[in-house]
Amino acid sequence: MAIYVARAGQTYAEVAKQFNLSPSTIGAVCRRLKAERTYQIYLEGEAGERQPVAVVVTHKGFTAACVAAFREYGEYFRNLGCPGWRLTDGTSYNTLETVRKIAARTADRAVETKGALL
């Protein structure tokens, strides 16, 4: 965030010198921070009732916000077996089964990556 604040009124090169980073790194940080959105995630039942779950801030989009909420409250969701339930922000939605699959797939990739680094 300090990089983003320092960027105001300065070029990437000037900020890069200040933080001892490359200008492309400064640009990537600024683009990521500019793309951040806040999602209020709800658990929605078949009858349309909504239960607030989490507030997630991410630059990766709605599905990533759902996966983050699922991981944070995974124990709760794991025991919820209703097939018609989904995660929503009021405009978009993902079924719990879809989020479970994405979370499992990305968790497997993270384990593979850690194993490769060892």
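The values are calculated or read from the model by the stated rules, or taken from the named source; none is laboratory data. What you are looking at is a predicted structure, and each value in this text was computed from that prediction instead of being measured. Note: ideal-geometry Cβ built from the backbone for every residue, glycine included; neighbour counts use all protein chains shown. SASA here: full protein model, heavy atoms, side chains in, ligands and nucleic acids out. Shrake-Rupley method; radii C 1.70, N 1.55, O 1.52, S 1.80 Å.
Roll a 1.4 angstrom probe over the protein heavy atoms and tell me the percent of accessible area of region 1-107 that is carbon or sulfur.
53 percent
Could I have the simple spin-label model distance between V57 and T38, label points 7 Å from Cα toward Cβ, reported in nm to one decimal?
With each label point 7 Å from Cα toward Cβ, the separation is 0.8 nm.
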